[in-house]
Amino acid sequence: MPELTEPAAARPAPAGAAPTPWLALHVFYAANPQPLLVNCVRPLVDRLTEDGLISGYFFINYWLEGPHVRLRLRPSGPGAEAEVRRRAEEAVSAFLKTRPALYQVDSGFLKDFYNALFDIEFPGEDRARYTGADGRMRLRPNNSFSYEVYAPEYAKYGGPAGVELAEWHFRHSSDLVLEAYRSMNLHLRTVLLGTSAQLMMVMASCFLPEEERLADYLDSYYAFWHRLFPGTDFIGSTEYERSYAQMAPSLGARFAALRRAVGSGDLTRLPPFLRRWAEHCLELRGRVVDLTERGELAFPAWDGPAREDTGQERAADPDAAPLVTVTHAPAVLPRLLSPYMHMTNNRLHVTIRDEAYLAFVLGRVLREPAGDAGRAEPAGDAGRAAS
């Protein structure tokens with residue numbers, strides 16, 4: 001899926017940041033990444049972890065220079081790096097040989113789609129390193145992989161302490177998604193969207209338990225994605241209104257049940273999959289509040305949704321701007337909730353269009369009376385997806 005949250009290039013760490021010993025392996029795979037993640041990445045990281053060779057990992061999906069998975073592996077020490085590289089290269093090479101992606105992005109709809117994203121995200125001087133002789137986005141060879149520089153997003157996540165927390169969270173998010181791929185029928189669109197919606201509900205409810213504040217946040221989250229693609233049909237509006245009535249009853253009922261469980265502190269009322277996610281999200285929120293109150297999180301002075309590239313929301317590069325320490329937790333929670341929630345959807349391979357639609361629906365159901373439906377467990381795929 002398209003992803004708009006990685007910086008265009010590696011930038012130096014701010015003062016006080018520790019070196020990042022992460023390995024960043026980019027696997028260019030022009031197909032649904034689920035087989036790659038389930039049959040290659042999951043067993044690889046399991047074995048590396050069991051043998052004490054890595055202390056962390058996470059992955060994201062990305063589109064620049066062609067669809068690919070960015071796998072980040074953190075060797076447990078300098079002596080482990082060579083073995084981690086060897087095993088990763090061996091596992092990825094074997095997978096690409098036995099199950100290559102057959103689709104070529106250099107023709108058809110996806111080429112035009114990715115080039116449209118490229119024009120939006122790279123309107124200026126950053127284009128040159130990614131373009132070919134024709135001025136269009138260059139494509140890496142399909143079924144290939146390479147090591148690239150891992151550039152932590154200090155401006156987005158609040159400086160070195162915020163990046164360290166994000167990397168801890170990303171492992172939990174990656175584990176969650178890999179388990180969902182293994183145990184759920186996420187190849188079915190209804191199950192995928194139902195799962196995504198419920199994970200969004202849980203995380204947003206844990207971070208912002210106040211109903212009105214949560215509704216405002218979801219409205220602004222949808223509006224951000226809508227503003228991000230002016231003059232395109234990537235993010236809908238009138239069609240969202242038309243399909244709202246179809247999804248609202250089941251999502252509204254489940255949202256009300258989830259918020260009651262989180263608000264009461266009785267997470268045993270949630271299905272095991274969502275309970276584990278809620279436990280993690282509450283711990284993540286606690287860590288965010290603690291770092292904020294200790295003055296360890298710092299962000300650019302600009303205000304708005306976190307986005308690393310220049311363009312739509314501001315003219316200045318946040319990583320080149322001074323970071324300002326923030327000690328007011330209510331201001332930090334929604335700021336970090338956005339990239340945390342978005343990156344989990346990214347790992348699920350949920351499109352930005354679908355994510356914006358779910359935010360639109362969830363914001364609406366919070367503002368409209370749920371009636372009896374809000375006090376009952378929902379039926380249908382959205383209700384069963386995370387049970």
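The values are calculated or read from the model by the stated rules, or taken from the named source; none is laboratory data. Nothing here was measured: the structure is a model prediction, and the numbers come from that model. Counting neighbours? That spans all protein chains shown, and the Cβs are built from the backbone with ideal geometry, glycine included. Accessible surface is based on the protein model in full, side chains and every heavy atom, while ligands, DNA and RNA are left aside. Shrake-Rupley method; radii C 1.70, N 1.55, O 1.52, S 1.80 Å.
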Let me know the charge dipole size of region 19-137 about its Cα centre in debye, to the nearest 20, where only the beta-carbon of Lys, Arg (+1) and Asp, Glu (-1) is charged. 300
What's the carbon and sulfur percent of region 19-137's accessible surface, probe 1.4 angstrom, rounded to a whole number? 52
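Quote the FRET efficiency, to the nearest 0.05, computed for ASP119 versus TRP168 with a Förster distance R0 of 45 Å and r equal to the Cβ-Cβ distance. Each step should come with its number before you reach the end.
Numbers: r = 35 Å, r/R0 = 0.78.
Efficiency at R0 = 45 Å is approximately 0.80.
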Using label points projected 7 Å from each Cα along Cα→Cβ, tell me how many nm separate ARG86 and SER146, to one decimal. 2.6
In Å², and per residue, what accessible area does region 19-137 have when probed at 1.4 Å with the other protein chains present? 45
Extension gain ALA331-VAL289, at 0.36 nm per residue separation less the Cα-Cα distance, in nm? 14.1 nm
Alpha-carbon centroid distance for the pair region 35-101 / region 166-180, whole angstrom: 14
Quick query: amide H of TYR29 versus all other amide H atoms, modeled in the peptide plane; which residues come in under 5 Å with a sequence gap of 5 or more or a different chain? HIS68, VAL69, ASN143
Spelling out what I want: for every residue of region 161-176, take phi, set θ = phi - 60°, compute 6.51 cos²θ - 1.76 cosθ + 1.60 (Karplus), and round to whole Hz; glycine and proline get x. 5, x, 5, 4, 5, 4, 5, 4, 5, 4, 5, 4, 5, 5, 4, 4
Computed over region 68-201, the relative contact order (Cα-Cα under 8 Å, seq sep at least six) in percent reads 14
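At a threshold of 8 angstrom on Cα-Cα distance, excluding pairs fewer than six apart, so keeping six or more, what relative contact order does region 19-137 reach in percent? Show your work: numbers first, answer last.
Details: 120 pairs, mean separation 35.1, N = 119.
It comes to 29 percent, rounded to a whole number.
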³J(HN,Hα), Karplus 6.51/-1.76/1.60, whole Hz, each residue of region 126-141, x for Gly, Pro: 5, 5, 4, 6, 10, 10, x, 5, 7, x, 8, 4, 6, 10, 6, x
Where labels lie 7 Å past Cα in the beta-carbon direction, separation of SER55 and THR190 in nm: 4.7
Label-point separation (nm) for GLU210 and ARG269, each offset 7 Å from Cα along Cα-to-Cβ? 2.2
